[in-house]
Every structure is written in C-alpha cells, then in structure tokens.
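The values are calculated or read from the model by the stated rules, or taken from the named source; none is laboratory data. Here the structure is a predicted model, which is why all the values come from computation and not from measurement. In this analysis, Cβ positions are derived from the backbone assuming ideal geometry, glycine residues included, and neighbour counts consider all displayed protein chains. Ligands, DNA and RNA are stripped out before the accessible areas are found, and what is left, the full protein with its side chains, is counted by its heavy atoms. Shrake-Rupley method; radii C 1.70, N 1.55, O 1.52, S 1.80 Å.
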Amino acid sequence: MHGEADTSPSDKRTLWFVTQNHHKYQEARRILNPFEIEIRMLASPKTEIQSTSLGEIAKFAAQEAAKKHNRTILVEDSGLFVKVLNGFPGPFSSYVHATIGVGGLLHLMSGETGREAYFQASLALASPRDSSQEFSGKVNGTISHKPAGKQGFGFDPIFIPKGARKTFAQGGTEFKDKYSHRAFAFRKLALWYIKTKI
Ligand code: IMP
C-alpha cells in the first residue's frame, strides 16, 4: 500500500523509495521493471538538509529514514541547473517550481540567448547499519522559450534534451526514459543492485 511499510518476509528484496512524488516513483518503476527489481513508494516525510550537493541531501535523508523504518531505503534528490543563471535553481528546484513556477523561470531568462541547462538526479540507498551507496544521472539540454507539452511534471514543459527537438512534456514516457537524468541514475542503481545482496 502506498505510504506504508509492511514487514512481510517477501519484501526483503523490495526497494522502498521514500518520496511523495508519484511521477518520480512511476519513472523509477518503469526503469527498474526490466531488471525485475521491485520498488515500492513510502510516502513518509523526509528531512531535506540545506546543501548545494544533491548527493548529500539524498544521503542524509536516506540514512535517517533507514534507521527510522529499520530497512533499506532509497531517496532521490534532483534539480534543474541553468547555465546563464549560474546553476540556479539547482537544489532549490522544488521550491522555485512551487513559487515562481515554469513561467517565473522563463521570465528570469527572458532575452537570454544562452539556453543551456542540465537536470541531475542523485540517488542514495542506505541500510539501517549505516552503509550507503550513491548513484547519479545527468542530462544536458536547453530551456525552450515557451512551455510545450502536457505530460510529466515540474520543468518538463521547458526542457529539451540534447539531441532531441521536443520537450520532456511533449515526448511522453518512452522519450523521458530514453533521455532523463533519473533513468540514467536508476539504471546505474539497477546494475549495481542485481550484483549485490544489500
Ligand atoms: P526534489 O528532488 O524533490 O527536491 O525536487 C526536485 C525538483 O526539480 C522537482 O520538484 C522539479 O521541479 C524539478 N525536477 C527534478 N526532476 C525533474 C524532471 O524529471 N522533470 C521536471 N522537473 C524535474
């Protein structure tokens, strides 16, 4: 059940993903599915420390949640880094999206011809015994001049991955899974996870 950890023995090899973002969870599921890795959503609140490092933010939250729930926990932290804004909003992407939104970000970039940006996702997998592993994924691209497309979430309507001609929000799930920072990070996790016994 979403948001609840049950403790049946069959869950031993289940990855518990602490997030309240259903889009992230669905993306993770799609990527892990071919590897036959089961993932479940644990919609429990997590601590987000003040840091400019997505990896550190994810690691702290994963270690705290692993102890709290006494199980191996996965946390992801991600952000959009815009070159002409010196990497803003980066680790503040969630807050910036919730406050000024896609329109506000485009406004900050109005008149700018340099549109380069990247998305990064950092994953931390932590066990209650303090060990942790990190995996990250990055996708370079550009910020469009206006929003396009209705799929996905966050800044998907304005991000065009390098080598493509449409935004994540126009492309849909297959397109997102081919290019996204999250897909890269989860594939790295999967390749490590199927070889280990955590
Ligand atoms: P957090 O990882 O929960 O702190 O949130 C990261 C924020 O970055 C999200 O709320 C989105 O605004 C943005 N973001 C991260 N990944 C994506 C993505 O795949 N598409 C669109 N926006 C994203």
Counting only protein heavy atoms, what percent of the accessible surface of the chain is carbon or sulfur at a 1.4 Å probe?
51 percent
Among Phe92, Val139, Pro128, whose Cα lies farthest out toward the positive end of the dipole of the chain, if unit charges sit on the beta carbon of Lys, Arg (+1) and Asp, Glu (-1)?
Val139
Taking the Cα centre of the range 13-193 as the origin and placing charges on Cβ (Lys, Arg +1; Asp, Glu -1), which of Gly111, Gly55, Trp192 is farthest toward the positive end of the dipole?
Trp192
If the convex hull is drawn through the Cα atoms of the range 119-159, its volume per residue in Å³
75 Å³
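Evaluate the Kirkwood expression for the hydrodynamic radius of the range 38-132, namely the inverse of the mean inverse distance over all pairs of different C-alpha atoms, and round to one decimal in Å. It would help to have the intermediate numbers written out before the result.
Values: mean 1/r = 0.0685 Å⁻¹.
Across the range 38-132, the inverse of the average 1/r is 14.6 Å.
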Distant-in-sequence amide H partners of Gly87 (H built 1.01 Å from N, under 5 Å):
Val82
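Output the relative contact order of the chain, whole-number percent, from Cα pairs under 8 angstrom with separation of 6+ residues.
Values: 395 pairs, mean separation 37.3, N = 198.
Contact order relative to length: 19 percent.
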Approximate shape of the chain as ellipsoid semi-axes (Cα gyration tensor, √5λ), whole Å, largest first
30, 17, 14
Where does the longest stretch of the chain lie that holds no GluC sites (Glu not before Pro) found in a DSSP loop with 16 or fewer other Cβ atoms within 10 Å?
113-198
Between the helical axis of 22-32 and the dominant principal axis of the chain, each derived from Cα atoms, what acute angle in degrees is found, rounded to the nearest 10?
70 degrees
